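So the structure is just underneath, and the comments pick up after that.
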Amino acid sequence: MAKENIMNECKDPTQSITIEIPCVMAERVQKLADEKQTALANIVIEALDSFLRKKD
């Protein structure tokens, strides 16, 4: 997705986008989500947020 498309789609902070990840990674994330009794999306959001905070 082009940067302009992301910026247009995400003007409303309540909106979401779909990303593609390899099935092997999704399985690993789902396993962790099950262990923590949370949703796969929550694990992905937390991981990305943590990664991006370390980059700043």
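The values are calculated or read from the model by the stated rules, or taken from the named source; none is laboratory data. These numbers come from a predicted model, not from an experiment. Here the Cβ positions follow ideal geometry from the backbone for every residue, glycine too, while neighbour counts run over all protein chains shown.
Quick check, is Lys36 basic (Lys, Arg) and either at pLDDT below 80 or surrounded by fewer than 10 Cβ atoms within 10 Å (Cβ to Cβ) (or both)?
Numbers: basic (Lys, Arg): yes; either at pLDDT below 80 or surrounded by fewer than 10 Cβ atoms within 10 Å (Cβ to Cβ) (or both): no.
No: the conditions fail for Lys36.
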Pairing a residue in region 11-32 that is free of Cβ contacts under 8 Å to residues at least 60 places away in the same chain and exposed (fewer than 10 other Cβ atoms within 10 Å of the Cβ) with any residue that is among the small types (Gly, Ala, Ser) and not in a helix (DSSP H, G or I), where Cβ atoms lie under 8 Å and the two sit 6 or more apart in sequence or on different chains, gives none
Report whether or not Met25 is of a type in the set (A, V, I, L, M, F, W, C), modelled with pLDDT under 80 and out of contact with any Ser or Thr (no Cβ under 9 Å at 6 or more places or on another chain). no
